[in-house]
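Structure, as structure tokens:
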Amino acid sequence: MTEDNKPEEEKGSSPLNKALENLEKAEAHLADTRADESKAEHEVEEAISEIKEAEEKQDYVEVRVIHVNEVEKTSFEERLLATLQEVWNKAYDKLHIEKKPKDIFQTAGQHPKSLMTHLSLTLAKARQECVIDDFCFGIASETGGACSGDK
């Protein structure tokens, strides 16, 4: 009996049918592999996003500012790349106090240093150059009144 004369059930084992079955299996395997690859790419994107978020949080610090004359305090998150001028301006907004022409931005603590000649420095650069020790600042206003005789 030749291949053409065999019943239909027996034709299923022909080389062409086996090749078609193998093709279907390969296509199914490829579809599964592509799904796995897509899932892996999504996981990589999520991980990169988490890394970026973590890095961005490291780029921020908590800044504390006290207005010496008004005895008002505020604290807020600020970028390390913000300039001292930007921090000073933001402090006025947070304190809801009007900036006066003779106000001075300074370090906080018992022995404050004026930061007026360093306002263009970023927080990171000011700390790196030891202009500031921390992220605590003060705003001092001229109070007026009697002269102290110091000239």
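Scan Ala54, Ala82, Ala140 and give me the residue that is of a type in the set (A, V, I, L, M, F, W, C) and free of Cβ contacts under 8 Å to residues at least 12 places away in the same chain. Exactly one of Ala54, Ala82, Ala140 is of a type in the set (A, V, I, L, M, F, W, C) and free of Cβ contacts under 8 Å to residues at least 12 places away in the same chain, namely Ala54. Scanning the range 124-145 for residues that are in a loop (DSSP other than H, G, I, E, B) and farther than 19 Å from Leu80 by Cβ yields Ser141, Glu142, Thr143, Gly144, Gly145. With respect to the conditions (1) under 16 Å from Phe76 (Cα atoms); (2) out of contact with any strand residue (DSSP E or B) (no Cβ under 9 Å at 6 or more places or on another chain); (3) among the basic types (Lys, Arg), Lys100 lacks only one, and its number is (1). What pairs can you find where one residue is in the range 1-29 and in a helix (DSSP H, G or I), the other is at pLDDT 55 or above, and their Cβ atoms are less than 8 Å apart, with a gap of 6+ or different chains? Cβ pairs passing all conditions: Glu3/Ser14; Lys11/Asn17.
The values are calculated or read from the model by the stated rules, or taken from the named source; none is laboratory data. The shown structure was predicted, so the numbers you read here are calculated from the model rather than taken from an experiment. With ideal geometry, Cβ positions are generated from the backbone for all residues, glycine too; neighbour counts draw on all protein chains shown.
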